[in-house]
Structures are given as structure tokens and as C-alpha cells.
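Heads up: the structure comes next, in C-alpha cells.
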Amino acid sequence: MNPARITGALRSPVTFSVLAGVVIGALFLVGTGADPITAYEAVLTGALGADGIGSTLTTTTSVLGMGLALAIPLRARLINLGGDGQMVLGGITAAVTGLYAPLPAPLTVVLALVAGMVAGAAYAALAALCENHLGVPLLVSSLLLSYPAVSLASYLARYPLKEPGSSLPQTRAIPDGVALPAFGDSTVTVGLVLVALAAAAYWFTDRRTAIGYEIRMTGLNARFSAYAGVERRGLTLKLMSVSGALAGLVGAIGVLSFPYRFVDGSLTAPGYTWTGLTAALLAMAAPVGTVISSFFFAVLQVGGLAMERTTEVPRELTQVLQAIVIVFLAARLRFPGRRLNRRKEAV
């Protein structure tokens, strides 16, 4: 590998932020009387060891899926905060499809995945239309539209679709065979492959197509891209639709995997949307970087449980690490600009 690239990677804001987070996390551990080396070793062993790698890959499926869903519009400086609503809507749509579609099991699985993606895409497109035609900022419309979708799914799981005799707010189990194939006895399903294919498609589109260039150009300078002929409204609608489709896919994967039903709160409680957004921000919405950062945060999430069991250090420390990484990244990206401006003023 080129030494210049290695040096550039080590000096990058992302590398600096991650290392700063690790160092400050170690100081927190020392302050609580814990051994940082033991704690970090427990994180890595618990997440990447034989007993934890399956859970890490399963978590990566959801985190990476949401990371990609939010990175795609973020590449053009569009922020989609409605990931929870789009994901849940995709999940409940997949559950309804799985329960009532009069098709063979394999076709029902495909139909449920497609239905979940369509539901998520349509709901995300609604947020884009609110900005394009009503003047509601995308940041606001996407976030506020998330609440009705989550509430609707909760109502369906608690009343019309509720499993008879169960005290839990969950739908009936989807029929036997209507499920994503799993790898061996693990909880890792073909959903991981689908998300990996989505990541590959994002990389190809970003680097090898004209629309990818338009997206990156819009993210760098929206005025210039508009002057060059990029239609902002149309681009917003397209990106939000793709973003919602990926979020809906994550929801559908969650329903078509164990426990093979829609459970109210099961998709939103782990915080996949916000972890995915953090991963996208850390990678600055770059395709490969989003994959790496999503896996990094999945390791922290799963390894945090092992750290808590081994060292009695609360797993919330891993959330603190995530916040520290993002804070340092924001500071690292901001300060060079200030120094450059000061130099220009001096000249």
C-alpha cells in the first residue's frame, strides 16, 4: 500500500476521533477503578469471539442497513430523521404480507421484503413532498412523520393483529417457511447479504454513475450543482425514496427473522436509526466508510454487554464512546476551517 495513503489515513479526522474516543474512554474506566485493557479486551472478545460474532453480524445487519439508508441522502446534505417510522412501517407491512399473502412461502418472503421497501419508500417520499411543495424542512417533516407511523404499527400489533392469548404487544407468528434463511444454527440470515448488496450498489452508484456524481456535487455545493442543472426537488424525492426503501427493508428483515413476527418496540428500542446515523456521520456518508463504521458500532453495542458481565462496567460506556467520537469528529472538521480562514485574513 502507498505510504502516503497510510499517513493520510492516520491523520484523517475519523482516525483521530476514534483514537480520542478510545483514550478518553480509558480515562473514564480508570476513574471508575476498572482496568481499561481488561474492559476493551472484553469488548473485543465478546463481540468477535466464537460466542459473540453471530450477534455482532446480526446487529450489523440492522445498523448497516440504517446507516446506508441515512447516508444516501446525507451524501447530498439531506438529513432524514424519519428512519424509525420508515423502518417500523416496513416491518408491519412485511408482517401483514407474511400473514395474509396467499402464495407459496418463498414467494411470500420476496413479496414481504418488496412490500416493506415500498411502504418505507412511500413514507419517506411523503416527507420529501412536504419539503418540495409545502416548504416544510426535510429535517422537520421526516422526524414528525415518524411518530404517526410508529403509533399506527403499535396499534396494529396491540389490537387487530395481536396474537390471541398473549400478554405481549405482538402480532401472530408468520406461517412456517415464511422466513429468511439463516446461516447454520446462528441468528445471521440472508438479510446480511441483502444489506451487503445494497452497500455494493451504493458504492457503484456513488463512484461509477452520473447520478452519484450529481449527489456528491450537491453535497459539496448545492448552489453550484443547481447552476450546473441538477434539479434539487427531483433529487430530494429520489434520495428520500431510496432511503425509505432501505429503512423499510431493515424492518422487513427484522420481522422475517427471529422471532418471526412484529413485536411493538423491538425495532426501535435498540436505537438502530440513531446508531446508523452516527455511523453515517462518522464516515461522512462515504459508502465504504459507512460499512466500516457500522461494523465498529455493532462491535461496541454487542461487546458492551460482554464488558458489563466481565468487568461490571455499565454497557452505557460504549454509548459514551460513540458520543465522544462524534464530538471529536465535529471539532476536528471545524477547527481546520477556522485556521484556514485566519490565514486568508492575515494575507
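Here are the numbers for the structure shown:
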| item | result |
| --- | --- |
| Cβ-Cβ under 7 Å pairs, at least 6 apart or on other chains, the range 163-190 side in contact (Cβ under 8 Å) with a residue 60 or more places away in the chain, far side open to solvent by 70 Å² or more (accessible area, probe 1.4 Å) and part of a loop (DSSP other than H, G, I, E, B) | Glu163/Arg172; Ala173/Tyr260; Ile174/Tyr260; Ala179/Tyr260; Thr187/Phe258; Thr189/Pro181 |
| Evaluation of Gly219 against (1) on the phi < 0 side of the Ramachandran plot; (2) open to solvent by 20 Å² or more (accessible area, probe 1.4 Å) (one fails), failing number | (2) |
| Residue that is nearest to Ile215 (Cα to Cα) [pool: residues in the range 269-287 that are open to solvent by 40 Å² or more (accessible area, probe 1.4 Å) and assigned to a loop (DSSP other than H, G, I, E, B)] | Met284 |
| Selected residue (criterion: surrounded by the most Cβ atoms within 10 Å (Cβ to Cβ)) from residues of the range 230-248 that are assigned to a helix (DSSP H, G or I) and aliphatic (A, V, I, L, M) | Ala247 |
| Enumerated helices (runs of 4 or more DSSP H) restricted to the range 1-77, each holding at least 2 residues that are modelled with pLDDT of 90 or more, more than 19 Å from the chain's Cα centre (by Cα) and closer than 25 Å to Val195 by Cβ | 36-48 |
| Residue within the range 166-186 that is in a helix (DSSP H, G or I), closer than 22 Å to Gly83 by Cβ and at pLDDT 95 or above present | no |
| Unmet criterion (only one of (1) of a type in the set (S, T, N, Q); (2) in contact (Cβ under 8 Å) with a residue 24 or more places away in the chain; (3) open to solvent by 20 Å² or more (accessible area, probe 1.4 Å)) for Gln86 | (3) |
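The values are calculated or read from the model by the stated rules, or taken from the named source; none is laboratory data. Bear in mind that the values here come from a model prediction, so they are computed numbers and not experimental data. No Cβ is skipped: glycine too gets one built from the backbone with ideal geometry, and neighbour counts run over all protein chains shown. These area figures cover heavy atoms from the full protein model, side chains too; ligands, DNA and RNA do not enter into them. Shrake-Rupley method; radii C 1.70, N 1.55, O 1.52, S 1.80 Å.
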